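Asker: Take this structure, written in structure tokens, and hold onto it; I'll ask about it next.
The values are calculated or read from the model by the stated rules, or taken from the named source; none is laboratory data. Treat the numbers as computed from the prediction; the structure is a model and nothing was measured. Note: ideal-geometry Cβ built from the backbone for every residue, glycine included; neighbour counts use all protein chains shown. Ligands, DNA and RNA are stripped out before the accessible areas are found, and what is left, the full protein with its side chains, is counted by its heavy atoms. Shrake-Rupley method; radii C 1.70, N 1.55, O 1.52, S 1.80 Å.
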Amino acid sequence: MPDTYDAVIVGSGAGGAMSAYVLTKAGASVLMLEAGRDYNPDEAPMLNLAKDAPLRGQGTPDKEFGYYDATVDGGWEIPDEPYTTAEGSEFMWWRSRMLGGRTNHWARNSFRMGPYDFKPFTRDGLGVDWPVSYEDIAPWYDRMEKLVGVYGNNLGLENHPNASPGVLHTPPKFRVPELFVKSGGDALGIPVVPARRAILTRDMDNRKACYWASPCGRGCAIGAAFQTTTSLIPWAKTTGKLTIQTGVMVYEVMLGADGKASGVRYIDKASGEHREATGRVVVLAASTGETARILLNSKPNGRSEGLANSSGQLGRNLMDTVGSSLSAYFPDLEGRPKYNEDGAMGLHAYIPFWDYKNVAAGKSNCTRGYHMEIGGGFGEPGVGGFGGYDGYGPNLRGQVKQRYGARFGFTQRGEMIPNAKSFCEIDPEKKDKYGIPVLRFSFGWSEHEHNQVTHFQNAVKALVDKLGGTITSEIRAPVDAISKGGEIIHEVGTARMGADAKSSVTNSFGKTWDVDNLYLTDGSIFASKAHKNPTITIMALAMRASDSIATRLRTGEL
Amino acid sequence: MADVRNSHLIAIDRRTTLRWIAAAVASGQLAACGEKFGNEDWLAPPQITAKGYGKDPTLLEPVVPWPLTMTKEELAATAALGDLILPGEADAPMPSQVGVPAFIDEWVSAPYPDQQKDRALIIPGLAWLDREAMKRGRERFSHVTLEVRTAIADEIAFKDKVGPGLEKPAEFFARMRSLTMGAFFTTPEGWKDIGYPGNTPMTGPYPGPTQEALDHIKGVIEGKGLKFALPETGRL
């Protein structure tokens, strides 16, 4: 290992791997530090049977999303690495401790943020605007999507931008439940359109097209479902410029006498040894929570507010996606003809937000938008999927066959507006196994999110009614129906970007206002949390930031 | 051999019966319960202390690291109950033929909270089944006639017809039903029975619904006065 690098990058997920890819391609030497172990999706159990897994693969406290989920050494709880929540708050924090981070198991839903999403304050006076517009980011979405591979199409829908011609892969055909919901949506003016997901439907570079089997959350050894461990990281390695250290917890950014970041301090988890890594630029992409934690724990010259926090915004503006769901049963679909409905193992169709006109006119109780995901059909039977039956014997088997494929679910994924109740800070007492002070989360929804749940529930009721179905889940009050903070695993915003140093932590390139060579390229820099899933926006912004870093390295500015 | 087993059975039964009488007397409900001793004597089985598989198990070659704990008698009752819940048919084997009892053993022996909760319901539930069978047919549940098993099940299997004081056995039955079904329909035989044709890699584009499936959904949609339409292709 050389003593110093052009760039030290903390994290190997969507942001860190994109930064490493762009920088090494530009000729920079990069050290990537990852808290988890090395991982390669060759160990993904793609077609393994639930029957062969302990408890039929059912989730347990060891593997919360199921035995075969790709997540290694992570989950809602990690032994030795606790976090706390403030009294009266609930917050769930999903972490992966593995090369590639959470990109190894994400749903691959890849919706671009639109023009409205970058200027929310201008539209309704809530939250803040981003320091960039959609037009600024559009070319980066194109470049990123071309590299990553995203299926979908271009329908020119309001606030749901088209990709440039030739960028997208052909989306898979709709399946029966999706065609059925579309017929109801068409009658109600609710769009049911092809989804966008980071899944190849044609071979590309070293990766294969989707073969229409195996849950994407297990990891994709053929490379069809995007994850950094089959793409950005191996590609960066081929430059010969990338050094990866796994099993190391970064806890502090070091600041030189010149006010610039000189590198990071970390703990080798196996030996417990403290070490330093130095570079011309430091890039934190450790995840929204961990990036905030590292900066808050970095106290140069004894400054208690942490590093890059002259605005006081560090740790604040914590947001997650609004989630709720309803399931419904459709008697007309009982006993429908069987066929292989696995497809891309996720959304072929979805419902983008459609009610902008009413929102703008003040005729909707919904302040910000959401999208609906549709799930269910002839899926693989799961051990936990057989509650709610009655009786026994031949009649029971008949009921099972009758109901199979006639039930599906609607899921809300909505925008949260930042609020003063939701933030993270350093717990004054608790430390993890390595002696690093842990995060304490505070979280609360506001009436905006609760009203959005009502809007969703009403829309599902109308759709299900139109289709002659019955809602089978309890329609709970929004305050009970809404997800817990963090539960949707879209947490963003703890070091938001902005137009000035007073109200934000970074500029539009993720460069911290306070430290010229310290960059953030994960979800922490989001200024708002649009209903669109954050991963591709993290990658587009990371690509843009890293391109800027590469230029500054080349010109000697850094 | 059968005699030896039976005497062993009776000994256990007498012991559990004594425990049950003690519990019922203590709760003052013995007289009121008459012959139906459902909710009492639901004695918690010993806790599992084994370790789980941890946060980083080998995914490609899964192993169940915890010891199995069910007795031969509990496994026999599980098998008999499972086969009553989902009896075999011409094209479908019985749950006991595809390893469902062993799976339920794996389940109740697992060291995780959900499974431990089920264990506290299932192990005493299996003992209850045997006691009921003893009372009605002088044999354990696995040995009594189908008529006796059916008579027992009929009092606890239908949510609107649960016998008085049998709420706990009914809860036990419902859990065994969902576990048995879940275990059965996750086997290749179960996939075939329910008609799940997936987990099959293919090359080329996803073929989508068959013509038969398309015709069917078109009929359903148009039958509701709605319009059947394939999605707009848009531009790539």
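Asker: Compute the long axis of helix A:288-297 from its Cα atoms, compare it with the longest principal axis of the Cα atoms of chain A, and write down the angle in degrees, 0 to 90, nearest 10.
Answerer: For A:288-297 against chain A, the angle is about 30 degrees.
Asker: So for the protein assembly as shown: antiparallel DSSP bridges make up what percent, rounded to the nearest 5?
Answerer: Close to 70 percent.
Asker: Moving on. Relative contact order of segment A:260-370, please, whole-number percent, based on alpha carbon pairs below 8 angstrom and at least 6 residues apart.
Answerer: Reported relative contact order: 11 percent.
Asker: Next question. For chain A, build the charge dipole from Cβ charges (+1 Lys, Arg; -1 Asp, Glu) around the Cα centre, then report which of A:A462, A:G306, A:Y266 sits farthest towards its positive end.
Answerer: About the Cα centre, the residue reaching furthest to the positive side is A:A462.
Asker: Hey, another quick one. Just order B:123-133, B:42-52 by mean Cβ neighbour count inside 10 Å, highest at the front, would you?
Answerer: Most protected by this proxy first, the peptides run B:123-133, B:42-52.
Asker: Can you tell me, using C-alpha contacts under 8 Å and at least 6 residues apart, the relative contact order of chain A as a whole percent?
Answerer: Contact order relative to length: 23 percent.
Asker: Something else: Using the structure shown, list the pairs from A:K51/B:K117; A:K173/B:K227; A:K363/A:K484 with a Cα-Cα distance above 20 Å, or answer none.
Answerer: As for pairs spanning more than 20 Å Cα to Cα, those are A:K51/B:K117; A:K363/A:K484.
Asker: Working with all protein chains in place, sort A:Y116, A:Y83 by solvent-accessible area computed with a 1.4 Å probe, largest first.
Answerer: Descending order: A:Y116, A:Y83.
Asker: Expressed as an acute angle from 0 to 90° and rounded to the nearest 10, what is the orientation of the C-alpha long axis of helix A:176-188 relative to the principal long axis of chain A?
Answerer: 90 degrees
Asker: Could you work out the helix-only [θ] at 222 nm for chain A, with each DSSP H run of four or more residues adding -39,500 (n - 2.57) and the total divided by the number of residues, to the nearest 500 deg cm²/dmol?
Answerer: My calculation for chain A gives -6500 deg cm²/dmol from helical runs alone.
Asker: While we're looking at this one, here's another question. Relative contact order, percent, of segment B:126-207 when contacts are C-alpha pairs under 8 Å separated by at least 6 residues?
Answerer: For segment B:126-207, the relative contact order is 14 percent.
Asker: Moving on to the next point. Give the angle, between 0 and 90 degrees and rounded to the nearest 10, that separates the Cα long axis of helix A:14-25 from the longest principal axis of the Cα atoms of chain A.
Answerer: Around 50 degrees separate the two axes.
Asker: I'd like to know which of A:F91, A:T411, A:W445 lies farthest towards the positive end of the charge dipole of chain A, counting +1 on Cβ of Lys and Arg and -1 on Cβ of Asp and Glu.
Answerer: The listed residue farthest towards the positive side: A:T411.
Asker: Need the C-alpha centroid separation for segment A:1-66 versus segment A:268-329, integer Å.
Answerer: Using only Cα atoms to place each centre, the spacing works out to 18 Å.
Asker: Taking A:K119 as the anchor, which aspartates and glutamates have their alpha carbon closer than 12 Å to its alpha carbon, excluding any fewer than eight residues away along the same chain?
Answerer: Qualifying aspartates and glutamates at Cα under 12 Å: A:D129, A:E135.
Asker: Can you give the net charge of the other residues whose Cβ lies under 15 Å from the Cβ of B:I194, counting K and R as +1 and D and E as -1?
Answerer: That sum, taken over residues with Cβ under 15 Å, equals +1.
Asker: Would you kindly derive the ³J(HN,Hα) couplings of segment A:516-526 from the backbone phi angles with the Karplus curve 6.51 cos²θ - 1.76 cosθ + 1.60 (θ = phi - 60°), listing them in order in whole Hz, with x for Gly and Pro?
Answerer: 5, 10, 10, 10, 10, 10, 10, x, 4, 8, 5
Asker: Roughly to the nearest percent, how much of the accessible area of chain A is carbon and sulfur, given a 1.4 Å probe?
Answerer: Whole-percent figure for carbon plus sulfur exposure: 48.
Asker: About the Cα centre of segment B:82-220, how large is the charge dipole given +1 on each Lys and Arg Cβ and -1 on each Asp and Glu Cβ? Please answer in debye to the nearest 20.
Answerer: 440 debye
Asker: Sort B:151-162, A:196-207, A:502-513, B:202-213 by packing, meaning the average of other beta carbons within 10 Å per residue, with the highest value first.
Answerer: A:502-513, A:196-207, B:151-162, B:202-213
Asker: Where Rh denotes the Kirkwood radius from the mean inverse Cα pair distance, what is Rg over Rh for segment A:89-189?
Answerer: 1.03
Asker: Next question. What's the ranking of A:5-12, A:208-215, B:134-141 by average number of surrounding C-beta atoms within 10 Å, highest first?
Answerer: A:5-12, A:208-215, B:134-141
Asker: If you split all Cα-Cα distances of segment A:157-257 into 10 Å bins from zero, what percentages do you get per bin, shortest first?
Answerer: Calculated over all Cα pairs of segment A:157-257, the distribution is 11, 27, 29, 18, 11, 4, 0 percent.
Asker: Let's test the formula: R0 of 30 Å, r as the Cβ-Cβ distance of B:D215 and A:S473. What FRET efficiency results, to the nearest 0.05?
Answerer: Approximately 0.45, to the nearest 0.05.
Asker: In addition: Could you tell me what fraction of 2.2 N^0.38 Å the Cα radius of gyration of segment A:415-558 comes to, as a two-decimal ratio?
Answerer: Against the compact-globule rule of thumb, the ratio is 1.38.
Asker: Also, quick follow-up: Quick one: P(r) of the protein assembly as shown from all Cα-Cα pairs, 10 Å bins, percents rounded to integers, in order of increasing distance.
Answerer: With 10 Å bins starting at 0, P(r) equals 3, 13, 21, 23, 18, 12, 7, 3, 0, 0.
Asker: A further question on this structure: Quick check: net charge around A:R275, other residues with Cβ under 10 Å of its Cβ, Lys/Arg +1 and Asp/Glu -1?
Answerer: Computed value for this residue: -2.
Asker: Please report the net charge: other residues with Cβ closer than 12 Å to the Cβ of B:A77, K and R +1, D and E -1.
Answerer: Spelling it out: positives minus negatives among the neighbours equals -3.
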